[in-house]
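Working notes, structure below.
None of the figures in this text is laboratory data; all of them are computed from the coordinates on show. What you see is a predicted model; the values in this text were computed from it and never measured. Cβ placement follows ideal geometry from the backbone for every residue including glycine, while neighbour counts extend to all protein chains displayed.
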Amino acid sequence: MPNCFQLTRKGEKEPTSLSKIDEEICAAVGDPVHPTRYCRGWFDSIGWMIAVTGLDWTGVRKAFEPCVQAETYPFCAVHGKPWDDKSNDCYGHWIDYGAEEGKSIISVLDYLEANYTTSAWVEIGRRA
Ligand SMILES: [Zn+2]
């Protein structure tokens with residue numbers, strides 16, 4: 001299981017800093033840059049998925065797709081994860097947090113996927 005990630009602009013060799021990427025995202029989706037929070041929570045959702053689960057863009061996009069309860073019950077037909085009857089959702093589904101206010105995180109994903117490649121790796125212990 002990886003626990004670190006970085007994003008590298010397509011065509012470049014060195015990864016881009018996350019704060020620089022955040023500024024680009026804000027410009028792309030039309031949100032102001034926040035001094036302490038990442039745009040639409042992308043670091044804690046998209047970043048987490050890449051870092052901890054090692055998902056690529058296809059996998060991240062799928063995680064945001066709505067669940068489908070079908071003949072696969074008690075597993076979600078979309079994500080293949082166990083169904084949770086309380087939330088009527090599965091454990092592989094990520095909520096599109098900003099969607100309620102018309103600010104979907106999918107537009108962040110669209111920007112990142114169009115411009116960056118992902119990589120994730122495992123790091124154990126602490127740096128000196
Ligand atoms: Zn699901």
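Can you list the residues of the stretch 51-69 with backbone N under 13 Å from a point 7 Å past the Cα of residue 88, pointing along Cα to Cβ? Counting backbone N atoms under 13 Å from the label point, the list is 67-69. Excluding same-chain neighbours fewer than eight residues apart, the lysines reachable from residue 86 by a Cα-Cα span under 27 Å are 62, 103.
Each residue, residue 68 and residue 19, gets one label point 7 Å from its Cα in the Cβ direction; the gap between the two is 4.4 nm.
Dipole check for the chain: with +1 at the C-beta of Lys and Arg, -1 at the C-beta of Asp and Glu, and the Cα centre as origin, the magnitude is about 460 Debye. Placing dummy labels 7 Å off each Cα toward the beta-carbon, the span from residue 61 to residue 103 is 2.4 nm. The order of 101, 113, 23, going from fewest to most other C-beta atoms within 10 Å of their C-beta, is 101, 23, 113.
Counted by neighbouring Cβ atoms within 10 Å, the residues 52, 122 run from fewest to most as 122, 52. Computed 3J(HN,Hα) for the stretch 81-92, one whole-Hz value per residue from the Karplus formula 6.51 cos²θ - 1.76 cosθ + 1.60 where θ = phi - 60°, is 9, x, 7, 10, 5, 5, 8, 6, 8, 10, 7, x, glycine and proline marked x.
Legend: Rg and Dmax of the chain, from Cα coordinates, 16.0, 52 Å.
Sparse packing (at most 12 other Cβ atoms within 10 Å of the Cβ) combined with a DSSP loop state is found for the following trypsin sites (Lys or Arg not before Pro) in the stretch 1-73: 10, 13, 37. Taking each DSSP H run with n ≥ 4 as -39500 (n - 2.57) and averaging over every residue of the chain yields -8000 deg cm²/dmol at 222 nm.
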